[in-house]
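Undergrad: Got a structure here, written out as structure tokens. Questions coming.
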Amino acid sequence: KQGFHVIAMLKTNRILYPKGIAIQAKQFARYIESKDTRLVTVGQERYRVYRYEGAIHGLDDAVVLLAWKADQPMAPEHLHCILSTDRELGDEDILRYYAQRWTIECFFRQAKDQLKLDGYRVRHIRAVKRYWAVVLLACVYSIAESRQNLSTGLELLRSRKDHSVVEFIYDAAKQDIPIDVIKKQLRIA
């Protein structure tokens with residue numbers, strides 16, 4: 001609606017509608033033979049690519065590239081499905097743009113896993129900006145505290161947190177605070 005296009009990885013269970021028939025991408029891929037694909041090179045990698053144009057569940061008009069690395073069998077476990085809402089882009093361009101996006105997705109996954117932000121789903125632009133602010137603040141703080149890299153900083157902060165929890169429990173036990181109260185304060189009750 002706003003003139004933007006999307007290039008993203010799709011799950012292989014996403015519904016496609018070839019010739020109006022609803023079928024999961026991985027099931028549809030079983031009908032694709034090597035002769036139906038073309039070889040596409042992106043950087044150092046070569047892929048066998050089948051280009052599907054049409055409706056997918058949730059979109060009336062899209063391109064989905066069903067791609068396999070050229071040196072791997074065209075089996076469901078090796079299938080990658082890449083979505084593009086821009087039908088004018090060629091297969092090489094879609095794969096090249098996605099390859100650039102992949103490093104960003106890896107960073108997001110690492111940030112979610114290491115910063116324990118994997119429970120958050122943000123879609124609105126304001127929420128995305130806030131999420132990024134939290135991620136970047138956590139990264140900068142972790143690096144500054146450790147004076148090394150992000151992983152070392154996160155290990156240091158987790159260690160400090162673990163120590164402070166142990167100290168809290170120890171102090172509470174010395175004061176004869178009931179275990180239920182301690183659990184409630186630690187939010188594990």
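Undergrad: Among the candidates R96, R109, R101, single out the residue that is touching a residue at least 60 places away in the same chain (Cβ under 8 Å), within 18 Å of the chain's Cα centre (by Cα) and assigned to a helix (DSSP H, G or I).
TA: R101
Undergrad: For the range 42-63, which positions are in contact with a helix residue (DSSP H, G or I) (Cβ under 9 Å, 6 or more places away or on another chain) and surrounded by 12 or more Cβ atoms within 10 Å (Cβ to Cβ)?
TA: V42, E45, Y47, R48, V49, Y50, R51, Y52, G54, A55, I56, V63
Undergrad: Also, quick follow-up: Of the numbered conditions (1) loosely packed, with under 11 Cβ neighbours inside 10 Å; (2) in contact with a Leu (Cβ under 9 Å, 6 or more places away or on another chain); (3) not basic (K, R), T103 satisfies every one except a single condition; which is it?
TA: Exception for T103: condition (2).
Undergrad: If the requirement is being part of a strand (DSSP E or B) and surrounded by 14 or more Cβ atoms within 10 Å (Cβ to Cβ), which of these qualifies: L39, L66?
TA: Only one candidate qualifies: L66.
Undergrad: A follow-up question, please. For the range 150-189, how many residues are loosely packed, with under 11 Cβ neighbours inside 10 Å and small (G, A, S)?
TA: 3
Undergrad: Follow-up. Does any residue of the range 69-77 turn out to be surrounded by fewer than 17 Cβ atoms within 10 Å (Cβ to Cβ), on the phi < 0 side of the Ramachandran plot, hydrophobic (A, V, I, L, M, F, W, C) and in contact (Cβ under 8 Å) with a residue 40 or more places away in the chain?
TA: No, that holds for no residue.
Undergrad: If you don't mind, there's one more thing I want to ask. Among the residues of the range 160-189, what is the count of those that are polar (S, T, N, Q) and either not in a helix (DSSP H, G or I) or not assigned by TED's automatic domain parsing to the domain that holds E145 (or both)?
TA: Count: 1.
Undergrad: Moving to a separate point now. Might you check whether a residue that is at pLDDT below 90, touching a Lys or Arg at 6+ places or on another chain (Cβ under 6 Å) and within 30 Å of T41 (Cα to Cα) occurs anywhere in the range 68-86?
TA: Yes: the range 68-86 contains one or more residues that are at pLDDT below 90, touching a Lys or Arg at 6+ places or on another chain (Cβ under 6 Å) and within 30 Å of T41 (Cα to Cα).
Undergrad: Would you point out which residue out of S84, S151, S142 is assigned by TED's automatic domain parsing to the domain that holds K26, touching a residue at least 12 places away in the same chain (Cβ under 8 Å) and either polar (S, T, N, Q) or closer than 30 Å to K26 by Cα (or both)?
TA: Criteria check complete, one pass: S84.
Undergrad: Taking I182 and the conditions (1) closer than 30 Å to V42 by Cβ; (2) modelled with pLDDT of 80 or more; (3) among the hydrophobic types (A, V, I, L, M, F, W, C), which numbered condition does it fall short on, given that it satisfies the others?
TA: (1)
Undergrad: Then there is this: Here are some residues: L117, L157, L83. Which one is among the aliphatic types (A, V, I, L, M) and assigned to a helix (DSSP H, G or I)?
TA: It is L157.
The values are calculated or read from the model by the stated rules, or taken from the named source; none is laboratory data. Nothing here was measured: the structure is a model prediction, and the numbers come from that model. Here Cβ is always computed from backbone atoms with ideal geometry, including for glycine, and neighbour counts include all displayed protein chains.
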